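Take a look at the structure set out below.
The values are calculated or read from the model by the stated rules, or taken from the named source; none is laboratory data. A quick note: this is a predicted structure, and the numbers were derived from the prediction, not measured. Heads up, the Cβs are rebuilt from the backbone with ideal geometry, glycines too, and the neighbour counts pull from every protein chain shown. We work out accessible area using only protein heavy atoms, side chains counted, and drop any ligands, DNA or RNA first. Shrake-Rupley method; radii C 1.70, N 1.55, O 1.52, S 1.80 Å.
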Amino acid sequence: KQWYQRRVAITAGGSLSALSGLTGGVQILCVNDIIFAPNTTHHDAIMALTSSTQLKISVKRLSRCKSAEKKEHIPDEEMEDIEFKEASYGVKKTDIGSTLSIYLQKRHAIDNFHLVEVAASLWLAGWNQKEPALTDKFHVGDQLLSVNGQPVTTVEEANNIMQITPGGVELLLKRLPLAAEYRMHRDKETEEWGMQIRQNRVVDVIHGGIAWLAGIQPFSAEFADKCCSWAITQINRSPVSILCKSTDVITNKIDSGKTDVSITLQPSEFVTKLSNALLDHPHYEDFVARS
C-alpha cells in the first residue's frame with residue numbers, strides 16, 4: 001500500500017488491502033474510530049493504519065467520468081467500511097509504552113543498574129551484562145517508576161530502597177515510553193531502505209522510499225519540548241549500543257534482515273543524555289547493552 005494525503009494510491013494485487021476490496025483512488029475518512037482530519041499528517045496516518053492487527057477503515061470512493069473532451073472526478077458520497085484482519089508494516093504496537101513489574105533477588109539488583117535522572121524521572125541507561133538474571137528483561141530507555149511500590153525520581157531514592165529491602169526487589173517499569181518501532185519490507189535485497197544514517201542517527205529519509213512509506217520522518221522526534229533526530233537503539237529487537245559511533249555497524253545490522261527489518265527509534269537528545277551518563281560509570285563497558 002502507498003498512502004498519500006489520506007488517499008490510497010496503490011494496492012498490491014493479492015494483498016490484504018486488495019482482497020478486502022480496497023482500491024486505489026479512495027479517500028480515507030476514518031480508521032478504527034480515528035478521524036482523518038485535513039491536518040492529519042502522514043506520520044499520524046501511518047500510526048493509525050498500523051496500530052492494530054485488525055483495521056476498520058471508512059473510505060469515500062471517487063468514480064471517474066471520461067469523455068473525449070475532458071476528464072473529471074465526480075465524488076461518490078457513499079461511505080464504505082472495510083475491515084482488515086492484520087496489518088503488515090509500519091509502526092508496530094508491541095509492549096512499547098506498557099507498564100510491567102519485574103521481580104529480582106536483592107543480590108541481582110544491588111549495583112547492577114545504571115540509572116539516569118532526566119526530566120524529573122529515572123531512566124535505565126544500562127545494566128550489568130555479566131549478570132544472567134538480568135538477561136532479556138530490560139531495554140535502554142525504560143523508565144523506572146517505583147521500587148517495591150514506592151515511587152522514585154532520583155538515583156539515591158531507588159538505591160536506598162533496594163539497600164534496605166529485606167527480601168526481593170520489585171521494579172515497576174514503563175517500557176520504552178519515548179520509543180517508536182517501525183517495520184520495513186523490501187522486495188529485493190538490492191533495494192535501498194531510503195534513509196540516511198550517520199553513526200546511530202537517522203539524519204534523512206527519502207520521500208516516497210521504503211522508510212518514508214513505513215512512517216519514518218527525519219527530525220520528527222520530540223524531547224524536552226524540542227524536535228530532534230531519531231537514534232536507533234534496537235534492530236530486529238536486538239539492542240544497539242548507545243555508544244556506537246560506526247555507521248557501517250548499524251547499516252550492516254539493518255541489512256542482515258535481508259528483506260525485512262524492524263528498528264526501534266528514540267529521540268537522539270534523550271539517547272545522548274543516557275550515553276553521556278553511562279560513560280561516567282567506572283565500569284561502563286560492562287553495562288552497555290549490545291547484541
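The table for this structure:
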read-out	value
Label-point separation in nm, Thr99 to Thr153, each point 7 Å along Cα→Cβ	1.7
Of Lys106/Lys273; Lys56/Lys174; Lys174/Lys253; Lys188/Lys226; Lys188/Lys245; Lys226/Lys258, pairs whose Cα-Cα distance is over 31 Å	Lys188/Lys226; Lys226/Lys258
Largest-first principal axis extents, alpha carbons of the range 118-158, Å	28, 21, 15
FRET efficiency, Lys106 to Asp136 (Cβ-Cβ, R0 22 Å, nearest 0.05)	0.60
Accessible-area composition of the range 226-283, carbon plus sulfur, in percent [1.4 Å probe]	50
Highest-first arrangement of 184-192, 269-277, where packing means the average Cβ count within 10 Å	269-277, 184-192
